[in-house]
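Read through the structure below, which is laid out as structure tokens, and then see the notes.
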Amino acid sequence: MKNEPREIGYLTYDVLKEKIGLPSKERLAKGPVAIIECTEDIPCDPCVEACKLGAISKESLITPPTIDYEKCTGCTLCVDVCPGLAIFVINVNYKEEKALVSIPYEMLPVPERREKVDTLDRSGKKIGEGEIIKVRRGKRETFVVSVAVDKNLATEARSIKIQKEENE
Amino acid sequence: MGTIQRIWRHPILDFKRGRSVRFQFEGKRIEGYENESIAVALFASGVKVFGRSRRFNHPMGWFCGIGKCSSCLMRVNGIPNVRTCITPVREGMRVELQGRKGVLPDEPNIKVKKKEEYVRVLIIGSGPAGLETGITSTKLGLDTLIIDENPIPGGQLIKQTHKFFGSKKEYAGLRGFEIAKTMLEGLRKCGGRYLTETSAIGYYWKNKKHKFLAVQKQEDGYQLLEIKADNIVVTSGASENYLPFPRNYLPGVYGAGGVQTLMNVYGVKPGNKALIVGAGNVGLIIGYQLLQAGVEVKALIEAMPHVGGYLVHASKLARLGVPILLRHTIKEAKGEEYVNGATIIEVDENKQPIEGTERKLDVDLILIAVGLSASTKILSQAGCEKMFVQELGGWIPIHNENMETTIDGIYVAGDGSGIAEASTAMLEGRIAGAAIAEREGYNPEDARRIREDAFSELSKLRQSSSLKIVAEGKRKCQQRWNEVKSHEK
Ligand SMILES: Cc1cc2nc3c(=O)[nH]c(=O)nc-3n(C[C@H](O)[C@H](O)[C@H](O)COP(=O)(O)OP(=O)(O)OC[C@H]3O[C@@H](n4cnc5c(N)ncnc54)[C@H](O)[C@@H]3O)c2cc1C
Ligand code: SF4
Ligand code: SF4
Ligand code: FES
């Protein structure tokens, strides 16, 4: 099979759509929603407990999590709790032309609000530039960074790269 | 040679360095910090060659960082063969390269004190398996002692900066080093005891008791401990597998675990540009940890056509731009005294290198993460029978579901009983601790309940695809244990 995740080291949009089922157009239009990019049977469940609205569930400890997109409000609380750093929140309704993508982040330097950063896709390829809108210090030193990106990149932008400062 | 630096800012860790101390290395003054080892202080100040190999005179340097490989032997205050990676620096110490053979001075000034101990349960190794065994047996009322040869208790956990999977009962969502802290706190609360810098070196059977000789490092010498115990639990973990390739002896080629110790325990950057060999969970995680420490990861290579570890770990690296090159292996390391490059090569389905696909990488660090093997040598001395179980990573002591080996009263748990992961290591430890209490009649009802709960949790975990293979290995092991025991009768 082409793009078999284990043969390239990351998930692709098509595989995700097939494996976890993405939110409908109508749901996306309503605002922020979590996308859980965790498809294997890892014995793990902090995400389930993190969601106070009960949107995330697991049949058993070792089945992949499932999410009820109608219950999820996109609050991002599960993003910094997940040990796999596998949960992202996207809001395609953020602005006319921009979507907001919230990403777990554990590197230095931590970007600042308003900073311009490179946005990368799941393979680490640069796909555009974005503006940091919000930086929240989450649980146990994991930051949740929300970056505004071109609307069509909402389902692709999954990482950021700090642009080199001149004085470095 | 890249400049080696201490890490002052880290996204997760806050390195609490002690007071600065000065010592002599080959007559030169070197500064280190209290609570760090001699080898760490040397590495941080740019000394990378720690000695020469006896046969080929190759340079040797930092390797395992946990006292297992002997790559760091030096003469300290006149005494040869000191494992400098697990010996703390002290003000005014005299450290010398010892030449190829360690020669003892005519009148060695080694103070050795002797002490005897008797405990119900002696645990060797303070990783997740040992700590959980200790917490369980102490809580059930057994007088328990844990010993560990490293200066900091916690085994592999203390070097892990990532949050662990699992469920709440096994501390899921905490970072490895936080799990160690939490477990130690738990041990302290129930009154459990542990000793660090104490190596178990020999086993004896005397007066119907198991007896271990252990050496405890002290400020001014050593203390020889003779520990008699009714029950022994060996939770000594695993050692890293090595990989043969030209110039793999060069300083700059390190085991993943050794680098974690340097970088995550002591806050020293192991190099500047890294190549990682092996895309199992260990390789993937160390890649991420290197990035956190400010090291550039040039590539992660893997001979198999797919990543071996979890996809979520691989994805973290991939999206940060680290190339994950499958069907690749390392052809050779470059450099004379230290790594200054590597050549990688593609492999075919049979893992054979394909001529003409070589590529040179500009790296000063090559990390080997090609698996672990159980490390329980001490059990062979006690006469525990071993068997080779591919699913558990190689030779392991034969044990039953209560974690008891073929010798009465000697147990094994964690990676030492077969390579797996931390949650199952804890559960195995809990089972061993409870099984001992049950047998010794300490709160046997509670003990049985604890043991049975742990069994069911363990079998649940082992249904996951990554641990199924462990379940299969353990089944073979139990079967063999039954055979050995029926033979004895
Ligand atoms: C890079 C990496 C990442 C990992 N990530 C995860 C993860 O995300 N989740 C997970 O569940 N697991 C993970 N693991 C695996 C997990 O850390 C191990 O499975 C677990 O630590 C095994 O526990 P243990 O108690 O058996 O051994 P260890 O933790 O290895 O502890 C053994 C201890 O025994 C001591 N010792 C050995 N011999 C002697 C002796 N003769 N005398 C005295 N003391 C001795 C050692 O000093 C050591 O402290 C990871 C491992 C690595 C290397
Ligand atoms: S984003 Fe908030 S509401 Fe949605 S699943 Fe996560 S925790 Fe629940
Ligand atoms: S917490 Fe994260 S890694 Fe664990 S099961 Fe949930 S989504 Fe997967
Ligand atoms: S024994 Fe010190 S580096 Fe291995």
Selection count, the stretch A:119-132, where residues are out of contact with any helix residue (DSSP H, G or I) (no Cβ under 9 Å at 6 or more places or on another chain) and either surrounded by fewer than 19 Cβ atoms within 10 Å (Cβ to Cβ) or facing chain B (nearest Cβ under 10 Å) (or both): 5
So B:Leu225, is it surrounded by fewer than 24 Cβ atoms within 10 Å (Cβ to Cβ), out of contact with any Phe, Trp or Tyr (no Cβ under 9 Å at 6 or more places or on another chain) and in contact (Cβ under 8 Å) with a residue 60 or more places away in the chain: no
Filtered residues of the stretch A:17-59 (kept if away from ligand 1 (no atom under 16 Å from the Cβ), under 17 Å from the mean Cα position of the chain (by Cα) and closer than 27 Å to B:Ser423 by Cβ): A:Lys19, A:Ile20, A:Ala34, A:Ile35, A:Ile36, A:Glu37, A:Thr39, A:Val48, A:Ala50, A:Cys51, A:Ala55, A:Ile56
Only listed residue being part of a loop (DSSP other than H, G, I, E, B), farther than 22 Å from B:Tyr171 by Cα and free of Cβ contacts under 8 Å to residues at least 40 places away in the same chain, chosen from A:Leu11, A:Leu53: A:Leu53
Unmet requirement for A:Ala50, which otherwise passes all of (1) under 18 Å from A:Arg158 (Cα atoms); (2) within 10 Å of ligand 2 (Cβ to nearest atom): (1)
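Being among the acidic types (Asp, Glu) and near ligand 3 (Cβ under 8 Å from one of its atoms) is the filter here, so list the residues in the stretch A:41-66 that pass it. Please lay out each step first, then the result.
To start, the set of residues in the stretch A:41-66 that are among the acidic types (Asp, Glu) comprises A:41, A:45, A:49, A:59.
Once the filter is applied, which keeps residues that are among the acidic types (Asp, Glu) and near ligand 3 (Cβ under 8 Å from one of its atoms), the stretch A:41-66 yields only A:Asp45.
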Positions within the stretch A:6-36 being buried (at least 22 other Cβ atoms within 10 Å of the Cβ), at negative phi and facing chain B (nearest Cβ under 7 Å), in sequence order: A:Tyr10, A:Leu11
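Would you pick out the residues in the stretch B:7-23 that are crowded, with 16+ Cβ neighbours inside 10 Å and under 18 Å from B:Tyr288 (Cα atoms)?
Restricting attention to the stretch B:7-23, the residues satisfying the condition of being crowded, with 16+ Cβ neighbours inside 10 Å are B:7, B:10-13, B:15, B:21, B:23.
Across the stretch B:7-23, the qualifying residues are B:Ile7, B:His10, B:Pro11, B:Ile12, B:Leu13.
Report yes if A:Pro104 is modelled with pLDDT of 95 or more and either within 16 Å of ligand 4 (Cβ to nearest atom) or assigned to a loop (DSSP other than H, G, I, E, B) (or both), otherwise no. Full working, then the answer.
On the way: modelled with pLDDT of 95 or more: yes; either within 16 Å of ligand 4 (Cβ to nearest atom) or assigned to a loop (DSSP other than H, G, I, E, B) (or both): no.
Answer is no for this residue.
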Residues being surrounded by 19 or more Cβ atoms within 10 Å (Cβ to Cβ), within 13 Å of chain B (Cβ to nearest Cβ) and part of a loop (DSSP other than H, G, I, E, B) - total across the stretch A:139-168: 4
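If you go through the stretch B:333-359 one residue at a time, how many are more than 18 Å from B:Gly278 (Cα to Cα) and part of a strand (DSSP E or B)? Explain how you work it out, then say what you get.
The initial filter retains those residues of the stretch B:333-359 that are more than 18 Å from B:Gly278 (Cα to Cα), namely B:334-340, B:354-357.
Then drop every residue that is not part of a strand (DSSP E or B), which leaves B:334.
Count: 1.
List the strands (runs of 3 or more DSSP E) that sit entirely inside the stretch B:55-101 and contain at least 1 residues that are at pLDDT below 90 and away from ligand 2 (no atom under 16 Å from the Cβ).
Values: elements: B:73-76, B:79-83, B:94-96.
Those strands (runs of 3 or more DSSP E) span B:79-83.
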Strands (runs of 3 or more DSSP E) within the stretch B:128-236 that include 2 or more residues at pLDDT 95 or above and under 21 Å from the mean Cα position of the chain (by Cα): B:144-147, B:193-195, B:221-234
Verdict on B:Val112 being away from ligand 3 (no atom under 16 Å from the Cβ) and either at pLDDT 90 or above or within 20 Å of B:Phe177 (Cβ to Cβ) (or both): no
Selected residue (criterion: nearest to the other protein chains (Cβ to nearest Cβ)) from residues of the stretch A:59-73 that are assigned to a loop (DSSP other than H, G, I, E, B) and either surrounded by 19 or more Cβ atoms within 10 Å (Cβ to Cβ) or aromatic (Phe, Trp, Tyr) (or both): A:Ile62
Residue match in the stretch A:67-84 (condition: more than 9 Å from ligand 2 (Cβ to nearest atom) and modelled with pLDDT under 95): no
Hits in the stretch B:364-383 - residues which are in a loop (DSSP other than H, G, I, E, B) and without any contact (Cβ under 8 Å) to a residue 40 or more places away in the chain: B:Gly383
Whichever residue in the stretch A:74-118 is free of Cβ contacts under 8 Å to residues at least 40 places away in the same chain and within 16 Å of ligand 1 (Cβ to nearest atom) and, among such residues, is surrounded by the most Cβ atoms within 10 Å (Cβ to Cβ): A:Pro83
Counted residues, the stretch B:269-324 - those being facing another protein chain (nearest Cβ under 9 Å), surrounded by fewer than 19 Cβ atoms within 10 Å (Cβ to Cβ) and farther than 21 Å from A:Lys19 by Cβ: 4
3 or more residues under 23 Å from B:Cys64 (Cα atoms) and not assigned by TED's automatic domain parsing to the domain that holds B:Arg52: qualifying helices (runs of 4 or more DSSP H) within the stretch B:245-331: B:256-260, B:281-292
Residues (within 12 Å of the chain's Cα centre (by Cα) and away from ligand 3 (no atom under 12 Å from the Cβ)) located in the stretch A:78-93: A:Val89, A:Ile90, A:Asn91
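Condition check ((1) within 14 Å of chain A (Cβ to nearest Cβ); (2) in contact with a Cys (Cβ under 7 Å, 6 or more places away or on another chain); (3) hydroxyl-bearing (Ser, Thr, Tyr); (4) within 15 Å of ligand 1 (Cβ to nearest atom)) across all residues:
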{"residue": "B:Leu131", "(1), (2), (3), (4)": "no, no, no, yes"}
{"residue": "B:Ile135", "(1), (2), (3), (4)": "no, yes, no, yes"}
{"residue": "B:Ala172", "(1), (2), (3), (4)": "yes, yes, no, yes"}
{"residue": "B:Arg175", "(1), (2), (3), (4)": "yes, no, no, yes"}
{"residue": "B:Ala180", "(1), (2), (3), (4)": "no, no, no, yes"}
{"residue": "B:Glu185", "(1), (2), (3), (4)": "no, no, no, no"}
{"residue": "B:Glu197", "(1), (2), (3), (4)": "no, no, no, yes"}
{"residue": "B:Ala200", "(1), (2), (3), (4)": "no, no, no, yes"}
{"residue": "B:Val215", "(1), (2), (3), (4)": "no, no, no, yes"}
Near pairs, Cβ below 6 angstrom, 6+ apart or cross-chain, from the stretch B:433-452 (in contact (Cβ under 8 Å) with a residue 40 or more places away in the chain) to any residue that is assigned to a helix (DSSP H, G or I) and β-branched (Val, Ile, Thr): B:Gly433/B:Thr133; B:Gly433/B:Thr136; B:Ala434/B:Thr136; B:Ala434/B:Ile450; B:Arg451/B:Ile431
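Looking at B:Gly78, B:Gly99, B:Gly67 in this structure, which one is outside the structural domain of B:Asp220 (by TED's automatic domain parsing) and within 16 Å of ligand 4 (Cβ to nearest atom)? First the steps, then the outcome.
Numbers: B:Gly78 fails: within 16 Å of ligand 4 (Cβ to nearest atom); B:Gly99 fails: within 16 Å of ligand 4 (Cβ to nearest atom).
On inspection, the qualifying residue turns out to be B:Gly67.
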Test: residue in the stretch B:244-251 that is more than 16 Å from ligand 4 (Cβ to nearest atom) and out of contact with any strand residue (DSSP E or B) (no Cβ under 8 Å at 6 or more places or on another chain): yes
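The values are calculated or read from the model by the stated rules, or taken from the named source; none is laboratory data. Worth saying up front: this structure is predicted, and the values here are computed from it rather than measured. Note that we place each Cβ from the backbone using ideal geometry, even for glycine, and neighbour counts take in every protein chain shown.
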